[in-house]
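Enquirer: I have a structure I would like to understand better, so I am pasting it below and will then ask my questions one at a time.
Each value in this text was obtained by applying a stated rule to the coordinates, not by laboratory testing. Not measured: the values here are computed from a predicted model. As a convention, Cβ positions derive from the backbone with ideal geometry for all residues, glycine included, and neighbour counts pool all protein chains shown.
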Amino acid sequence: MSSIFSKIISKEIPADIFHEDDICLAFRDINPQAPVHFLVIPKKEISSMADLTNEDEAIVGRCLLVASKVAAKQGLQNGYRLIANTLDDGGQEVPHLHFHVMGGRKLTWPPG
Ligand code: AMP
């Protein structure tokens, strides 16, 4: 299913892009919930964590590696949180797999 993130990948709509390669894209969340809040998404249209298949293993690996590297570049040496909201119960709004990286403040646990 196409989503607004496909338009960010194709540059039809702008985003503050922190990293781009052949497999994934990292960009600032438009509605940040922490001083640093960015998303890492695969360029492949995968709807959610629930839709991953064996062939996506390297894609997910790249996304998480990029999350780690961009977090370091964004100064999150004190730590951060990585979240993949999944489907309705997980509170997923955009149906394109994405990893939230949030940091720059002490985050509470558990989330709501
Ligand atoms: P989720 O609830 O996990 O699906 O989160 C979707 C995230 O995408 C939210 O944090 C939104 O603020 C973010 N978002 C939606 N549209 C855009 C956009 N055009 N650019 C950057 N972030 C966006």
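Enquirer: Just checking, how many residues over region 10-29 are outside any strand (DSSP E or B) and either touching a His at 6+ places or on another chain (Cβ under 9 Å) or within 20 Å of Lys73 (Cβ to Cβ) (or both)?
Expert: Adding up the residues that qualify gives 6.
Enquirer: Those residues that are within 15 Å of the ligand (Cβ to nearest atom), surrounded by 15 or more Cβ atoms within 10 Å (Cβ to Cβ) and not charged (D, E, K, R), I need them from region 44-65; list them, please.
Expert: Hits for region 44-65 are Ile46, Ser47, Ser48, Met49, Cys63.
Enquirer: Could you count how many residues in region 69-88 are out of contact with any strand residue (DSSP E or B) (no Cβ under 8 Å at 6 or more places or on another chain) and loosely packed, with under 15 Cβ neighbours inside 10 Å?
Expert: 4
Enquirer: Something else now. Look through Ile13, Ile41 and report the one residue that is within 14 Å of the ligand (Cβ to nearest atom) and touching a Leu at 6+ places or on another chain (Cβ under 6 Å).
Expert: Testing whether each residue is within 14 Å of the ligand (Cβ to nearest atom) and touching a Leu at 6+ places or on another chain (Cβ under 6 Å) leaves just Ile41.
Enquirer: Sticking with this one: Out of Arg28, Arg105, which single residue is surrounded by fewer than 16 Cβ atoms within 10 Å (Cβ to Cβ) and in contact (Cβ under 8 Å) with a residue 60 or more places away in the chain?
Expert: Going through Arg28, Arg105 in turn, the sole match is Arg105.
Enquirer: Can you tell me which residue within region 66-104, out of those that are in a strand (DSSP E or B) and near the ligand (Cβ under 8 Å from one of its atoms), is nearest to Phe38 (Cα to Cα)?
Expert: His100
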